[in-house]
1. What residue, of A:246, A:239, is among the acidic types (Asp, Glu), more than 26 Å from residue A:136 (Cβ to Cβ), within 14 Å of chain B (Cβ to nearest Cβ) and in contact (Cβ under 8 Å) with a residue 12 or more places away in the chain?
2. For residue A:127, state whether it is over 29 Å from residue A:236 (Cβ atoms), within 20 Å of the chain's Cα centre (by Cα) and not in a helix (DSSP H, G or I).
3. Taking segment A:276-299 as the region of interest, how many residues are assigned to a loop (DSSP other than H, G, I, E, B) and modelled with pLDDT under 95?
4. Quick check: anything in segment A:257-271 touching a strand residue (DSSP E or B) at 6+ places or on another chain (Cβ under 8 Å), part of a loop (DSSP other than H, G, I, E, B) and in contact (Cβ under 8 Å) with a residue 40 or more places away in the chain?
5. I'm told residue B:145 meets every condition in (1) assigned to a helix (DSSP H, G or I); (2) touching a strand residue (DSSP E or B) at 6+ places or on another chain (Cβ under 9 Å); (3) surrounded by fewer than 20 Cβ atoms within 10 Å (Cβ to Cβ) except one. Can you identify the failing condition by its number?
6. Can you tell me which residues in segment B:208-230 are surrounded by fewer than 22 Cβ atoms within 10 Å (Cβ to Cβ) and in contact (Cβ under 8 Å) with a residue 40 or more places away in the chain?
7. Among the residues of segment B:35-56 satisfying the criterion of being within 13 Å of another protein chain (Cβ to nearest Cβ) and free of Cβ contacts under 8 Å to residues at least 24 places away in the same chain, which is nearest to DNA strand C (Cβ to nearest atom)?
8. Considering only segment B:10-26, state which residues are within 10 Å of DNA strand C (Cβ to nearest atom) and either over 43 Å from the mean Cα position of the chain (by Cα) or closer than 26 Å to residue A:68 by Cβ (or both).
2 protein chains.
Amino acid sequence: MSRSTGRRLGRAGIRDVAAAAGVSITTVSDALNGKGRLPDATRSHVREVADRLGYRPSAAARTLRTGKSGLLGLTVTTYGDEPFTFTEFAYFAEMARAATSAALARGYALVILPATSRHDVWSNVALDGTVVIDPADGDPVVTELVRHGIPVVSDGRPGGALPVTGWVDNDHEAAVLGLLDHLADAGARRIGLLTGNTTDTYTRLSTTAYLHWCERVGQDPVYESYPAHDPCAGAVAADRLLARPDRPDAVYGLFDPNGTDLLAAARRYGLRVPEDLLLVCCSESTLYAATEPPVTTLSLKPRRIGTAVVQILIDAIEGLDTGRPIEQVIPTDLIIRASSQRRSPRTTVSPPRGPTGD
Amino acid sequence: MSRSTGRRLGRAGIRDVAAAAGVSITTVSDALNGKGRLPDATRSHVREVADRLGYRPSAAARTLRTGKSGLLGLTVTTYGDEPFTFTEFAYFAEMARAATSAALARGYALVILPATSRHDVWSNVALDGTVVIDPADGDPVVTELVRHGIPVVSDGRPGGALPVTGWVDNDHEAAVLGLLDHLADAGARRIGLLTGNTTDTYTRLSTTAYLHWCERVGQDPVYESYPAHDPCAGAVAADRLLARPDRPDAVYGLFDPNGTDLLAAARRYGLRVPEDLLLVCCSESTLYAATEPPVTTLSLKPRRIGTAVVQILIDAIEGLDTGRPIEQVIPTDLIIRASSQRRSPRTTVSPPRGPTGD
DNA sequence: TCGCCATGCAGAAACGTGTCTTTCCGAAGC
DNA sequence: GCTTCGGAAAGACACGTTTCTGCATGGCGA
C-alpha cells in the first residue's frame with residue numbers, strides 16, 4: 001500500500017499495470033513483449049490496461065536488465081578547434097543522415113559523440129556499438145571501446161592495425177586514377193591538385209594516388225595544400241595554384257567547396273572553364289549542377305556508405321552472421337558535367353537531376 | 001564467492017572495485033563522485049584502483065537510479081518520404097552542430113530521433129529533454145512528450161498552443177520586410193518570391209510577410225511555390241518565375257539552393273545579375289561568396305539558435321532558474337553581396353570571408 | 001569521567017525491468 | 001482413485017548504481 005500510493009507522483013510503472021489488470025508483473029512483461037505462453041485473452045486485456053494507463057517501460061531499467069540499449073555512437077574526427085565539423089562537407093551530413101535512417105529502420109538510434117576521449121560523455125551513455133568516421137591511426141577512443149567489448153565499425157579503412165569489427169570505404173586510389181584518366185582523355189596536359197595538409201586517410205590516399213599517376217604518365221606534380229578545416233584557406237590555395245608559373249590546365253579539388261573556389265579563382269585570372277581549365281571536384285552537393293559552368297563531381301556515395309556501416313554494426317551487435325562481408329568497398333561515382341569536357345563548344349545545360357536514389 | 005568468481009566474464013563493476021580496494025561500495029561511489037566526507041588518501045586510493053581495473057560505471061544503472069540520462073532528443077520535422085532531411089539545407093546541419101557542441105559542453109549528448117511518433121524508438125531511449133526543430137501545429141510527438149513530463153524546447157515559435165517549455169526563433173517577418181526594403185532601395189520595382197508549398201512556420205510567416213509588404217507598397221505579388229523537399233523542383237520553379245509575363249526584376253528565394261537555381265534560370269533567359277535581376281536568398285552556405293556574381297544571403301544564425309535552444313533546455317532540466325529568458329528571438333543577418341546592388345558597375349570580388357564566429 | 005560532535009566508513013534499500021523457477025489446478029492415463 | 005502432465009500465472013532474484021541511515025572511533029569541553 002505504501003508503495004502504490006507513494007508512486008502517485010511518478011510515471012506509471014509495470015507494477016501499476018499489473019495491479020490494475022489484476023495480474024502479476026511477470027504476466028504484464030510477458031504479455032507486452034510477446035514472450036511467455038499466455039492465452040490471447042490475457043494478452044489483449046493487459047495491453048489494453050497498459051494503454052489506458054499510458055504505460056511506457058523504463059528504457060533505463062530495460063537496458064540495465066537486458067544489457068542492450070539500442071543506442072549507437074556516431075563519432076566524427078574533428079579538424080581544428082570546432083568540436084564538430086560534419087557540416088563542413090555535405091559528405092558528412094549525407095552519411096550521417098543515411099546512417100540514422102538505417103539505424104532507425106532496425107530499431108536503433110544514433111548518439112552524436114565527440115572524437116576526443118573525454119570520458120565524461122562517453123561513459124555516461126550506454127552504447128551497443130559505435131560508428132567512427134575516418135578514425136586516426138591508433139585512435140585511443142576506438143581502442144578503448146574495443147577493449148571494453150563494444151563493436152566498432154569505421155567509415156574509412158582503419159590504419160595502424162586498429163582492431164575494428166569492420167569497415168566500409170571507397171577505393172580512393174582507383175577513384176582518383178579514373179578521374180585523372182578522364183581529365184587526360186578530355187585533353188588535359190598538366191593536371192593540378194588542390195589538397196589538404198591534414199593526415200586523414202582520405203587526403204593521404206588521394207594525394208599519393210595523384211603522385212603515382214603523375215609518375216606513371218611522366219608529369220611533374222602540381223599541387224597546393226591547405227588546412228581543410230579553414231573555410232577561407234581553400235580560396236587562397238586555389239588562387240595560389242592558378243598563379244603558379246607552371247599553371248595546370250586541369251585541376252582536381254579534393255574537398256567540397258573547392259569547386260566554387262576554383263571557379264572564382266579562374267574568373268580572377270580570366271581563365272575560361274572548360275576551355276582554358278578543366279575542373280573536377282569531390283563533392284556531394286547538387287549545387288554543382290547549376291553553377292556556370294556545371295562542375296564535374298566525384299561522389300563518394302555517402303548514403304550507401306552510411307547504410308552499409310550501420311548494417312554491419314547491427315549485425316555484429318545482434319550476433320547474427322549474415323552473408324554480408326565485414327569489410328566493404330563502395331564504388332565511387334563520377335558525375336560528368338561541362339567543366340571537364342572540351343568537346344561540346346556550347347555549354348550544355350544539364351537537366352535538373354532527380355534524387356540519386358541509392 | 002559465487003558472485004565474485006561468476007563476474008569474471010563481465011566488465012568490472014563497482015563491487016569489484018570495492019573488493020580490490022578493501023572498502024565498501026558506498027565508499028567507492030562517494031570517492032568517484034566526490035560526494036561523501038572522505039579523506040583525500042581514501043579518495044585517491046579508490047580512484048587508482050578503479051583506474052587499474054578499467055572500471056566504468058554502468059550508464060544504465062546510474063540512469064535508473066538517478067532518473068537522469070544525460071541524453072537530449074533532437075527531432076527534425078520531415079518533408080516528403082525521406083526520414084531525415086536535415087542535410088537538405090545547411091541550416092539544419094549548422095543548427096544541429098551548434099546544439100551538439102553546446103550540449104556536450106554541459107555534459108549532455110544528442111540523440112537523433114524521427115519526428116514520426118513511432119513509439120518503438122522514442123520509448124526505447126531515456127530522454128532528459130528534447131529539442132524539436134520547427135514543430136507542426138499540435139504536433140502529437142511534442143504533446144506526448146510534455147504529457148510525460150519531458151521538457152521540450154523548440155526551434156521555431158510553436159503554433160497551435162503547443163505546450164513547450166520554451167522556444168527560440170528569428171523574427172521572420174522583420175527579416176523579410178527588411179530584405180525587401182533593401183531590394184527596393186537598390187532599385188527593384190517588382191520583387192518576386194520563390195517559396196515553398198509546405199505548411200511549416202518559416203515558410204508561412206515569410207510568405208505572409210511578403211504579401212503584407214506588397215500590400216503596403218502597392219505591388220502585385222509575384223511568386224511561385226514548389227515542394228521544398230524535392231531537389232529538382234526548385235530549378236523548375238525558378239524557371240517558371242522568370243518566364244512569367246510579369247517577370248520580376250528582383251527575387252527573394254526562401255530556401256538554400258534557390259540562389260544557384262535562380263542564377264541558372266537567369267542565365268537561361270539571358271538576364272544579367274544584378275543589372276537585370278536583383279537576387280537575395282536565404283542560406284547559410286559560404287558558397288554564395290564565390291558564385292558569379294556573389295549572392296546576397298539572409299542568414300538565420302542557426303549556430304546561435306542551436307546554442308540558445310540547448311541552454312534553455314538544460315536550464316529547465318536542471319531546474320536552475322537563470323535570468324535567461326525562456327523565449328528568445330535571435331536577430332537575422334543580411335550579408336550583402338554583389339547580387340543585390342546595382343551601384344557598383346564592375347563586379348567587386350569580395351575577399352574570402354573568415355569564420356563568422358558566433 | 002561522561003557526553004557530544006565530527007569524522008570515516010559500511011549496510012541496505014531502492015530504481016523498474018526481464019526471466020528463471022515454482023506453484024497451482026484441471027484433465028487425462030493406468 | 002491416484003498419478004502425471006501441461007497450461008497459466010505468481011514469486012523472487014538480479015542487473016549496477018546512488019543514497020539514506022546508521023555505527024563506530026576519537027578528540028574535546030564540561
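The values are calculated or read from the model by the stated rules, or taken from the named source; none is laboratory data. Everything numeric in this text was worked out from a predicted model, so none of it was measured. Because the Cβ atoms are built from the backbone with ideal geometry, glycine has one as well, and the counts that use them run over all protein chains shown.
1. A:239
2. The answer is yes for residue A:127.
3. Number satisfying all stated conditions: 8.
4. Looking for residues that are touching a strand residue (DSSP E or B) at 6+ places or on another chain (Cβ under 8 Å), part of a loop (DSSP other than H, G, I, E, B) and in contact (Cβ under 8 Å) with a residue 40 or more places away in the chain, one finds none in segment A:257-271, hence no.
5. Of everything listed in (1) assigned to a helix (DSSP H, G or I); (2) touching a strand residue (DSSP E or B) at 6+ places or on another chain (Cβ under 9 Å); (3) surrounded by fewer than 20 Cβ atoms within 10 Å (Cβ to Cβ), residue B:145 misses just condition (3).
6. Selection gives B:227, B:229, B:230.
7. That would be B:47.
8. If the condition is that a residue be within 10 Å of DNA strand C (Cβ to nearest atom) and either over 43 Å from the mean Cα position of the chain (by Cα) or closer than 26 Å to residue A:68 by Cβ (or both), then B:14, B:18, B:21, B:22, B:23, B:24, B:25 are the ones that fit.
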